[in-house]
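Structure first, commentary second.
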Amino acid sequence: MHRSSYFNLAEKGLRMPIGTDLILHEKPDRQAILLDGRRLGQVVEETARRFRTPLAIGLMDLMLEKATLLGAIGISPDQVATYHFCSPPGPDAFAAWEAALHRPPPARLAATVGAVAYIAQQTDLFPVGMTIGPFSLMTKLIADPITPVYMAGAGATAADDPEVQLVEEVLELSLRVVKHSMEAQLRAGAKAILVAEPAGSAAYISPNQLDAGSDIFDRCVIAPNRSLKALLDQFGADLFYHCCGELTDHMIRRICTLEPAILSLGSSRKLWEVAPLVPKTIVLFGNLPTKKFYSDQAITVEQVRQLSDELVQRMREAGHPFILGSECDVLAVDGCEETIKRKIDAMLMCGEMSQQLTTGPMTQPRTTDN
């Protein structure tokens, strides 16, 4: 595994956003790039070079796996954004998905995989793939996932209620789709996968139920992601776990049982307060409020500098491996490009960084920890 390499980056003071969307939106033909693996890979490379990081992180497109699944079962592309399962998908949907595995992948997924291959084969950067988490994908496929998840947390089963059955079947289907996407990127050369699981949070899982002893977070979020971790282990690759939703202490402790190499959190929690919950074998990443960077009314450049300095200082005092980064991917906003850029520059200029840090290959691991 590569954990010591991430520790080295943390020790050297790496600062970086998850920013591929920003660079993509500089291109006049970005829709064409999304269908061209090599060109998308070049955008990922340009992003890493621009932000001076060896971690070449793919585009965070949380609709990709939804579109892949729905296309496989015959849903037209113009319906993907709003489509929801109204009843359990049943054997026909599972059979349609399995049949789709024997056909060429859709163009967007093929380009995503091609971008990973480009980074792995044509650059000296560290290729990091990207996928939505299984639970978050499930929430995009059901109009109201909160109620049946709560019912399941209270003890209802699929045999008791069709809505609980709907959640269970769609979650299983989601897991299969995510594993397929992940495996394709791993076979293309990804050394790590960033799993974006923002719905695996208090927005969809009741903290009160967890406090009362429910295992619903483990069943719906941790168990599917444990299956992903097992796949990563088979390929000798690392888990970057990302959740920008609100997380309780219990949720953070359970996520840590997945043993991610890097844990990326949103700005709802102060990282130096989270640090005691997280083993020091896990690098913490984040968590500047980059969703506000588009507006000077929401946050100023000076405030970004102050928050960056505070995070670096507080995490140094906590003694926890840390990479200063964005709370999520930094999305381009039309008309706000220069405003966002000024704040990214302020983040990157925080403190002092070792002159040894480059965008070249990551150092070889000192250990075989995993």
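Please treat every number below as a calculation from the coordinates, not as lab data. Treat the numbers as computed from the prediction; the structure is a model and nothing was measured. Ideal geometry is used to build each Cβ from the backbone, glycine not excepted, and the neighbour counts take in all protein chains shown.
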* To do: Would you mind pulling out the separation of the Cα centroids of region 156-231 and region 1-56, in Å?
  => 26 Å
* Asked: So who's got an amide H within less than 5 Å of the one on Ile132, skipping anything under 5 residues away but keeping other chains? H placed 1.01 Å off N, in plane.
  -> Glu65, Ala196
* **Principal axis box of region 76-150, alpha-carbon based, largest edge first, Å** => 47, 29, 23
* Asked: Given H placed 1.01 Å from N in the peptide plane, which residues other than close sequence neighbours of Asp329 have an amide H under 5 Å from its amide H?
  -> none
* Counting pairs of Cα atoms in region 58-117, how many percent are more than 14 Å apart? -> 60 percent
* Structure fact -> Taking every other residue with Cβ under 11 Å from the Cβ of Thr257 and scoring Lys and Arg +1, Asp and Glu -1, one gets +2
* Structure fact -> HN-Hα couplings for region 235-242 via Karplus (6.51, -1.76, 1.60; θ = phi - 60°), in whole Hz with x for Gly/Pro, come out as 9, x, 10, 10, 9, 9, 9, 10
* Asked: Which lysines, on any chain, are close to Lys343 with Cα under 26 Å apart, when same-chain ones fewer than 8 places away are left out?
  -> Lys12, Lys27, Lys270, Lys291, Lys292
* Search the structure for amide H atoms under 5 Å from the amide H of Asn287, placed 1.01 Å from N in the peptide plane, and list their residues when 5 or more places away or on another chain. => Gly325
* To do: Pull the list of the chain cysteines that no other Cys approaches to under 4.7 Å, Cβ to Cβ.
  => Cys86, Cys220, Cys243, Cys256, Cys336, Cys350
* For region 253-261, Karplus couplings with θ = phi - 60° (6.51, -1.76, 1.60), whole Hz, Gly/Pro x -> 4, 5, 4, 5, 5, 6, 6, x, 6
* To do: Output ³J(HN,Hα) for region 173-187: one whole-Hz value per residue in order, computed from phi by the Karplus curve 6.51 cos²θ - 1.76 cosθ + 1.60 with θ = phi - 60°, and x for Gly and Pro.
  => 5, 4, 4, 5, 5, 5, 4, 4, 4, 5, 5, 4, 6, 5, 5
* the chain: equivalent-ellipsoid semi-axes (sqrt of 5 x gyration tensor eigenvalues, Cα, Å) -> 32, 25, 20
* What translational D, rounded to a whole number of µm²/s, comes out for region 103-211 from Stokes-Einstein when the hydrodynamic radius is the Kirkwood one over Cα pairs, at 37 °C and 0.692 mPa s? -> 211 µm²/s
* What number, in percent, do you get for the relative contact order of the chain if the mean sequence gap of Cα pairs under 8 Å and at least 6 apart is divided by its residue count? -> 25 percent
* Relative exposure of Ser227, Ser206, judged by other C-beta atoms within 10 Å (fewest first) -> Ser227, Ser206
